[in-house]
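Below is one structure, written out as structure tokens, with a few remarks after it.
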Amino acid sequence: AQSVTQPDIHITVSEGASLELRCNYSYGATPYLFWYVQSPGQGLQLLLKYFSGDTLVQGIKGFEAEFKRSQSSFNLRKPSVHWSDAAEYFCAVGPYSSASKIIFGSGTRLSIRP
Amino acid sequence: GAVVSQHPSRVICKSGTSVKIECRSLDFQATTMFWYRQFPKQSLMLMATSNEGSKATYEQGVEKDKFLINHASLTLSTLTVTSAHPEDSSFYICSAHLGAGNTEAFFGQGTRLTVV
């Protein structure tokens with residue numbers, strides 16, 4: 001069965017500290033992976049995506065993610081968080097088709113400690 | 001990037017009435033759009049796939065007569081919540097893809113529906 005697991009429901013880090021949000025997936029074929037961010041009451045914004053090629057993907061706002069096939073993981077990282085990074089983060093997986101579903105993880109809420 | 005606009009952003013309606021939510025792709029054509037529902041502090045749950053010119057495909061457990069989807073043009077899909085009840089209160093989000101071979105989804109800003 002296709003699924004995405006984000007094991008951390010809520011993470012708090014200090015401003016300026018590094019961040020890693022975990023994501024594991026279960027997918028029958030080659031996955032296409034995404035990280036989205038959602039601010040309260042807002043829609044979703046794409047941070048980055050992985051389709052193929054270099055397994056370390058750079059995204060917007062200083063985020064990056066690394067695809068590790070052996071671990072079925074796609075963890076999101078940022079070397080130094082800012083207070084404005086406080087939001088909900090969703091990992092998602094989908095096949096390479098414009099009419100296909102994207103499956104979302106349960107999300108990780110990030111809080112920033114001043 | 002591509003823009004998907006959703007309207008209204010917030011709506012309050014009385015129990016028993018119907019509410020229509022619009023999802024528009026502003027600068028591209030979308031043969032397929034998706035409707036999601038998000039409960040507080042939870043993830044997005046796919047409700048249905050909206051197909052231009054044909055019937056929507058609903059996910060298991062979603063009442064098609066309750067949540068009417070119409071995709072009459074390549075830039076507009078609508079979700080109508082019929083005979084709304086307080087338990088229908090939720091955050092509804094639509095998404096659209098750019099086209100064949102492109103699986104990146106662009107999301108609307110969402111609609112907060114409150115049924116009183």
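The values are calculated or read from the model by the stated rules, or taken from the named source; none is laboratory data. Just so we're clear, the structure is a prediction, and the values are computed from it rather than from any experiment. Positions of Cβ are backbone-derived with ideal geometry, glycine not excepted, and every protein chain shown enters the neighbour counts. With ligands, DNA and RNA removed, areas are computed over all heavy atoms of the protein, side chains included. Shrake-Rupley method; radii C 1.70, N 1.55, O 1.52, S 1.80 Å.
Just a few scattered comments:
- Scope the stretch B:73-97; condition part of a loop (DSSP other than H, G, I, E, B), among the hydrophobic types (A, V, I, L, M, F, W, C) and open to solvent by 10 Å² or more (accessible area, probe 1.4 Å); matching residues: B:LEU74
- Considering residues of the stretch A:54-65 that are open to solvent by 50 Å² or more (accessible area, probe 1.4 Å) and in a strand (DSSP E or B) only, the residue nearest to A:ALA17 (Cα to Cα): A:GLN58
- The one condition in (1) among the polar types (S, T, N, Q); (2) surrounded by 17 or more Cβ atoms within 10 Å (Cβ to Cβ); (3) in a loop (DSSP other than H, G, I, E, B) that A:ASN75 fails to fulfil: (3)
For (1) within 11 Å of chain A (Cβ to nearest Cβ); (2) over 30 Å from A:THR30 (Cβ atoms), each residue gets a yes or a no:
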position	(1), (2)
B:PRO8	no, yes
B:SER54	no, no
B:ALA96	yes, no
B:PHE107	yes, no
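- Complete set of residues in the stretch B:4-14 that are assigned to a loop (DSSP other than H, G, I, E, B) and open to solvent by 60 Å² or more (accessible area, probe 1.4 Å): B:SER9, B:LYS14
- For the stretch A:95-110, the condition of being touching a helix residue (DSSP H, G or I) at 6+ places or on another chain (Cβ under 9 Å), surrounded by 15 or more Cβ atoms within 10 Å (Cβ to Cβ) and at pLDDT 95 or above holds for at least one residue.
- Whichever residue in the stretch A:2-46 is among the hydroxyl-bearing types (Ser, Thr, Tyr) and assigned to a loop (DSSP other than H, G, I, E, B) and, among such residues, is nearest to A:ALA92 (Cα to Cα): A:TYR27
- Considering residues of the stretch A:39-53 that are open to solvent by less than 60 Å² (accessible area, probe 1.4 Å) and facing chain B (nearest Cβ under 7 Å) only, the residue farthest from the chain's Cα centre (by Cα): A:GLY41
- A:SER106, sole failed condition from (1) more than 14 Å from B:GLU104 (Cβ to Cβ); (2) part of a strand (DSSP E or B): (2)
- Residues of the stretch B:10-46 satisfying the condition of being within 11 Å of another protein chain (Cβ to nearest Cβ) and under 12 Å from the mean Cα position of the chain (by Cα): B:CYS23, B:THR32, B:MET33, B:PHE34, B:TYR36, B:GLN38, B:LEU44, B:MET45, B:LEU46
- Unmet criterion (only one of (1) modelled with pLDDT under 90; (2) open to solvent by 40 Å² or more (accessible area, probe 1.4 Å)) for B:VAL116: (1)
- Among the residues of the stretch B:34-72, those that are within 18 Å of B:GLU22 (Cβ to Cβ) and open to solvent by 40 Å² or more (accessible area, probe 1.4 Å) comprise B:GLU52, B:GLY53, B:LEU68, B:ASN70, B:ALA72.
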